[in-house]
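The values are calculated or read from the model by the stated rules, or taken from the named source; none is laboratory data. In this text, all values refer to a predicted model and were calculated from it rather than measured experimentally. Please note that ligands, DNA and RNA were not included when accessible areas were found on the heavy atoms of the full protein model with its side chains. Shrake-Rupley method; radii C 1.70, N 1.55, O 1.52, S 1.80 Å.
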Amino acid sequence: MDAEVVVYLLSQKLQNLFHDEAIAMTPKVKDQVQRTTHHLNLFRQLMKKGEKKQALAVEMNSSQWTTRLLRALYSMDDAIDTFLVRKAPLSQRQNGLMIMPQQPFTSLFNQVLFNKQMKEFISKTRDLLKDKQQLDIENVADSNIPGPSQHQRWGRISGGRAREPTSCCFDGGGGRIRQNSLDIKRHFSSCAWVHVTKDFKVRDVLVDMISQLDEKIAKEPLEDEVKWRLPKLLGQGRYLIVVDHVATPEFWEAIKEVFPPSSHGGVVIATTRKADVAVPAGSTLQVRQLNDEESWALFLKKLELTEDRLHNSQLIKFKEQILKSCAGLPLAVVLMGGLLSAKELTDSEWSRVIENVNAIEDILALSYHELPSYLKPCFLYMGLFPKAVEIPIRRLIHLWVAEGFVTSLSDGDMVEEDLAEMYFEELVCRKIIEVVRWRLDGSPKTCRLPSIVHDVFSLKARDIGFFQIHSKSFSANKSHLPVRRLATYSNIPCSKLHISQKSPADFFP
């Protein structure tokens, strides 16, 4: 459900508020916090119930139902933040200024107002609950939340993978280029990989290339000399340039002059979904879909199981259904492998997934749907970063913790950063995000969302007001809901910015 992640975050926020001994609340307010948490848990249970009842699911996914609930949830979230700010200990020096402690009357008014706002929230959303007398709120907690005994830092995704090939998918999941970074660096003295938007600007594309070839030059002012700087850089040795997602024939006419003939050997590779925009003077390689044998080999690799193990588990019978659903698309195969790797090796668990999958869009939807509640906000948050841009993992983990997506365990045996690392590992194991670079010690350094995953779920996050991207070029793309996070991109060439305004259905030809 679209509102599920917001309901979960608000429920966690109230639970943390209730158990925080540093925040003084009257018994009346504490009781109301419990009532509001109970009310949110009813919504969580209702959403689980809607998964099994089609009519209920259709109603909850309607724009009117979702918008009403989200507005109420965000209003309650603001009320909690206001209450916490007013309750914060003020008898301390901040930025060199002595702040006076809060007066008793102010503190009492704050609690009365907060209590009233919680009651109003319940009153506004009560009619959105259906069959609430039949709901069982005992079963809303996520199972298999990682514990301290399970934690071995990067133990699930390292194991010498620092030298494995990195993968880059074409949009739509229809093709895959594999490259071994170490071998390429040995063979080519200069390498660059740029992404081209439909409304590209030649200067931005060239600046992007130059910034990857020589960071020092990229920091200098680049105006009219841009077009001669790039040939000068490329003429110094053997080069490899990958131009990804070319969408218009005009691109090559505008940019072909910058690639000089090289006695050392220069290679330019363009990826496109349209045959008529291929490089006119070069050769065209039509990337075919995987055959059944290749698809099955890739599936087993991502599932991290052998075919003999599937025979022993009586799950080999699902082979034909899996291959049919993936239709030879590498991204679909990878996501299916990640999806089923999180399931027990039982007939009931696998059939529940496979029976609901007919195409890549179903696999995408189910990959998100099957995520535990605590992983969904972490995953959606990654859509805040520009498409195809590498995300530093350490920075991402700190942001998750700062946003309150990661709550330390009640026994206090694990710090939030360690728990966030385990969240990240779980997302990688489910193949819904990919590690791009590894450190020498085998730990992950940067990551990103696959292109089509970013397209679909960043749009989903913006539709529910989870975040919004501020940009002059895309100012019309505003959420009709209160925006919780606003991002602006600076020092990133337009050739790297892909902010989609499509519906999810538009990503599948």
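Can you pull a Stokes-Einstein diffusion coefficient for segment 349-460 at 25 °C (0.890 mPa s), Rh from Kirkwood over Cα pairs, as a whole number of µm²/s? Please report the intermediate quantities before stating the final value.
Details: Rh = 15.0 Å.
Roughly 164 µm²/s, to the nearest whole number.
Within segment 304-356, what whole-number % of the accessible surface is contributed by carbon and sulfur, with the 1.4 Å probe and all protein chains included in the calculation? Walk me through the intermediate numbers first.
Values: 1110 of 2600 Å².
The computed percentage sits at 43.
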Q) Taking H as built 1.01 Å from N, whose amide H comes closer than 5 Å to the amide H of Cys191, not counting residues under 5 places away? A) Leu240
Q: Just read off the accessible area of Arg68 with the full protein assembly in place, 1.4 Å probe, to the nearest 10 Å².
A: 100 Å²
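Accessible area, 1.4 Å probe, largest first: how do Lys201, Lys49, Lys119, Lys387 sort? Intermediate values should be presented prior to the final figure.
Values: Lys201 125, Lys49 35, Lys119 100, Lys387 10 Å².
Result, largest first: Lys201, Lys119, Lys49, Lys387.
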